[in-house]
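The values are calculated or read from the model by the stated rules, or taken from the named source; none is laboratory data. Owing to the predicted nature of the structure, the values given are computational and were not obtained by experimental measurement. Glycine gets a Cβ as well: all are built from the backbone with ideal geometry, and neighbour counts include every protein chain shown.
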Amino acid sequence: MSNLHKNNIPNKKKVKVKIFTKKQKSSKLINTVIEELNQKCKDIVASDCKTFNDFPLSSNTLKGLNESKYVNPTDIQRETILLALQGKDVLGAAQTGSGKTLAFLIPILETMYCNQWTHLDGLGALVITPTRELALQIFEVLRKVGKYHNFSAGLIIGGKDLKFERKRMDQCNIIICTPGRLLQHMDENPLFDCFNMKVCLLF
């Protein structure tokens, strides 16, 4: 730049700029949303929930539900979801095809959302199923409904690459597994850690 150009530039005072302003505002907004969801959980009753939009759910979960064509909750979903969102232990029994998978996956997603779970927090939810077929089914439902959340999920079942699973175990926020494979990782894999786990689900 020549001296001529420099002389034509007016003197300007230095202005201090706050860094990460957008991130701070975003964090405050999320905290406000979480507080509102927790308050609604205390005030609402299951009989008032005619659709999934009536439940106090995050926009991420609702968007996944709507895109997957889940609109009206079944009886097991209506009775289970709200209790689980309130932090209560739930034991549910219903016939095949009644929607038990979704009834328990939604509270997992919401619990981790309200705890602002990240990949740095490790394993947050462990889902144990008796068969590989059921594990695959649960995993597919989770992928559809939870697609707008940032959680990582792993399918840990027999017949898959054990070495690949072992290396990625500590990167999974949600693990869906069969008992035999889980025991194998518990015995042999130092990366398997349940210290921060919030939810354990037995199918």
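The single residue among Cys114, Cys49 that is of a type outside the set (Asp, Glu), under 16 Å from the mean Cα position of the chain (by Cα) and more than 18 Å from Phe139 (Cα to Cα) turns out to be Cys114.
Looking for something closer than 17 Å to Thr129 by Cβ and surrounded by 14 or more Cβ atoms within 10 Å (Cβ to Cβ) - is there at least one such residue anywhere in region 186-196? No, region 186-196 contains no residue that is closer than 17 Å to Thr129 by Cβ and surrounded by 14 or more Cβ atoms within 10 Å (Cβ to Cβ). In region 2-30, of all residues being among the small types (Gly, Ala, Ser) and not in a loop (DSSP other than H, G, I, E, B), the one that is modelled with the highest pLDDT corresponds to Ser27.
Looking at this structure, is Val33 closer than 29 Å to Leu142 by Cβ, part of a helix (DSSP H, G or I), modelled with pLDDT of 70 or more and under 22 Å from the mean Cα position of the chain (by Cα)?
Yes: the conditions hold for Val33.
Taken over region 91-118, the criterion of being closer than 16 Å to Asn60 by Cβ and surrounded by fewer than 22 Cβ atoms within 10 Å (Cβ to Cβ) is satisfied by Thr111, Cys114, Asn115, Gln116, Thr118.
Restricting to region 121-171, name every residue that is in contact with a Cys (Cβ under 9 Å, 6 or more places away or on another chain) and hydroxyl-bearing (Ser, Thr, Tyr). Within region 121-171, Thr129, Ser152 meet the criteria. When region 75-128 is filtered for residues that are farther than 18 Å from Lys40 by Cβ and touching a Leu at 6+ places or on another chain (Cβ under 8 Å), the ones remaining, listed by number, are Val90, Phe104, Leu105, Ile108, Ala125, Leu126, Val127, Ile128.
Taking first residues from region 183-201 that are touching a residue at least 12 places away in the same chain (Cβ under 8 Å) and partners that are aromatic (Phe, Trp, Tyr), the Cβ contacts under 6 Å between residues at least 6 apart in sequence or on separate chains come to His185/Phe192; Leu201/Phe104.
Cβ contacts < 7 Å: first residue within 10 Å of Gly64 (Cα to Cα), restricted to region 129-147; second residue part of a loop (DSSP other than H, G, I, E, B) and at pLDDT 95 or above, any location; separation 6+ or different chain. Result? Pairs found: Lys144/Ser68; Val145/Ser68.
Do you know which residues across region 126-145 are touching a Ser or Thr at 6+ places or on another chain (Cβ under 8 Å) and either of a type in the set (S, T, N, Q) or surrounded by 13 or more Cβ atoms within 10 Å (Cβ to Cβ) (or both)? Walk me through it before giving the result.
Residues of region 126-145 touching a Ser or Thr at 6+ places or on another chain (Cβ under 8 Å): 128-132, 135, 137-138, 141, 144-145.
Passing the criteria: Ile128, Thr129, Thr131, Arg132, Ala135, Gln137, Ile138, Val141, Lys144, Val145.
One line per residue, one yes/no per condition, for (1) surrounded by 21 or more Cβ atoms within 10 Å (Cβ to Cβ); (2) on the phi > 0 side of the Ramachandran plot; (3) part of a strand (DSSP E or B):
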residue	(1), (2), (3)
Lys147	no, no, no
Gly158	no, no, no
Glu165	yes, no, no
Ile176	yes, no, yes
Gln184	no, no, no
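Please find, among Asp121, Asp75, Asp89, Asp54, the residue that is among the acidic types (Asp, Glu), in contact (Cβ under 8 Å) with a residue 12 or more places away in the chain and farther than 25 Å from Lys28 by Cβ.
The match here is Asp75.
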